[in-house]
Amino acid sequence: MDHSNGSERRNVILEKLRETGQVFVNDLAEYFNVSQETIRRDFNKLEELRFIKKVHGGAVSAQFGFELEFNARAKLAEDEKKSIAARAAELVKPGDSLFIDFGTTTMELARKLSEINDLTVITNSPVIANLFHDNSSIELILIGGQFGASRMECVGAIALQSISAFYADYAFIGAGAVSPDAGVMDQNLDEAAIARQMIKHSNKAVVLADGHKVNNRATAVVADWKEITWLITTDPDNKLKQLAFPKNVNVIVAG
C-alpha cells in the first residue's frame, strides 16, 4: 500500500477507528512509517470532515461523541489507572479533606476512597460526587459553575471562586501530561484553571498520571513541581529511571 498517499492513509485510519474506537498518533506514525506531524495533519483533515474528534494523543470517532471518547479514555491503560488509584487511596485516612478534579483516573480513585469513612470530599464533577453516595459518613461538597455537559464537570469563574472558599488536606489532580522540566499540564484550559485553584487551596497536591502521559507536553501549565508533593504513575516502558524529577516530588510507581 502506498503510505505516501494521504487519502489512502486516512481511509485506513478510519478503518482502524471502526475496529478499536480510538487511535493514537504515535502508533499510526509507526504503522505508516511517517512523522507524527503527518498523522496530525490527517487528523485535522478528518476532523474538518467531521469523521473524527481529536483527543489528547489521538482521535476517536465523531459519531459517538463524548460517551465514546470518555469510555475509550477510561479503557486506555485501565489496569494502570486502577493501580494508580489504589496507591493514591493509601495516602488518605478517615477525617481527611480533599479536592478531586474530574478525569478517568480520578474516577477510579473516587471508587476507592468511597470505602474510607468520615472524609470531606470537594469536587467539581457530579459524576465523581455520585461515586460517594453510598457512604453516608462522607461529607460531599459539589462545586457549581458553568456546566460542560460534554465533560461532566463545572468550570469557569463561579467554580474557581467556590473552590477558593475551601482549604483541604489534599488535592488529587489528574493530568493530561507531565514533564520533568515543564511540570504538570492539561490540554483543556478550563480544567487546568480548576486544578490550579485546587492545588493552591490544599496542603499537599497529588498528581495522578499513567505512564503514557509522562515526558509529554500539553497546552496549559497546571503547576510547577515545587507545588506538588506526590506524582503517582506507572512505568510500562521502563523510561522513568532516565527522567530526573525535582527532589521535592515523591514519585510513586504503581502496579
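Out of curiosity, is Ala218 touching an Asp or Glu at 6+ places or on another chain (Cβ under 6 Å), touching a residue at least 40 places away in the same chain (Cβ under 8 Å) and more than 17 Å from Val249 (Cα to Cα)?
yes
Anything in the range 87-106 that is modelled with pLDDT of 95 or more and either farther than 24 Å from Gly211 by Cβ or not in a loop (DSSP other than H, G, I, E, B) (or both)? List them, or say none.
Arg87, Ala88, Ala89, Lys93, Pro94, Gly95, Asp96, Ser97, Leu98, Phe99, Ile100, Thr106, listed by residue number.
Name, by its number, the condition in (1) open to solvent by less than 10 Å² (accessible area, probe 1.4 Å); (2) more than 25 Å from Ala86 (Cβ to Cβ) that does not hold for Leu208.
That leaves (2) as the condition not met.
For the range 130-190, list the strands (runs of 3 or more DSSP E) that sit wholly inside it and hold at least 2 residues that are within 13 Å of the chain's Cα centre (by Cα) and within 30 Å of Lys54 (Cα to Cα); which are they?
In the range 130-190, 168-174, 177-179, 183-186 are the strands (runs of 3 or more DSSP E) which contain 2 or more residues that are within 13 Å of the chain's Cα centre (by Cα) and within 30 Å of Lys54 (Cα to Cα).
Please go through the range 152-170 and give me each residue that is open to solvent by 40 Å² or more (accessible area, probe 1.4 Å) and in contact with a Leu (Cβ under 9 Å, 6 or more places away or on another chain), ordered by number.
Within the range 152-170, Asp169 is the sole residue that qualifies.
Those residues that are modelled with pLDDT under 95 and open to solvent by 70 Å² or more (accessible area, probe 1.4 Å), I need them from the range 131-149; list them, please.
His133, Asp134, Gln146, Phe147
Spot the failing condition for Ala77; the list is (1) modelled with pLDDT under 95; (2) out of contact with any Pro (no Cβ under 9 Å at 6 or more places or on another chain), and only one is missed.
(2)
In the range 171-196, which residues are in contact with a strand residue (DSSP E or B) (Cβ under 9 Å, 6 or more places away or on another chain) and open to solvent by 30 Å² or more (accessible area, probe 1.4 Å)?
The answer is Ala182, Gln187, Asn188, Leu189, Asp190, Arg196.
Kindly provide the set of residues from the range 27-61 that are in a helix (DSSP H, G or I), hydroxyl-bearing (Ser, Thr, Tyr) and within 23 Å of the chain's Cα centre (by Cα), ordered by number.
The answer is none; no residue qualifies.
Which of the residues belonging to the range 1-11 are assigned to a helix (DSSP H, G or I) and either surrounded by fewer than 16 Cβ atoms within 10 Å (Cβ to Cβ) or polar (S, T, N, Q) (or both)?
Gly6, Ser7, Glu8, Asn11
Looking only at the range 56-74, which residues are open to solvent by less than 20 Å² (accessible area, probe 1.4 Å) and at pLDDT 80 or above?
Gly58, Ala59, Val60
Only residues that are charged (D, E, K, R) and open to solvent by 90 Å² or more (accessible area, probe 1.4 Å): list them for the range 28-50, please.
Glu30, Glu37, Arg40, Arg41, Lys45, Glu48, Arg50
The values are calculated or read from the model by the stated rules, or taken from the named source; none is laboratory data. Owing to the predicted nature of the structure, the values given are computational and were not obtained by experimental measurement. Note that each Cβ is placed from the backbone with ideal geometry, even for glycine, and that neighbours are counted across all protein chains shown. Ligands, DNA and RNA are excluded from the accessible area calculation, which covers all protein heavy atoms including side chains. Shrake-Rupley method; radii C 1.70, N 1.55, O 1.52, S 1.80 Å.
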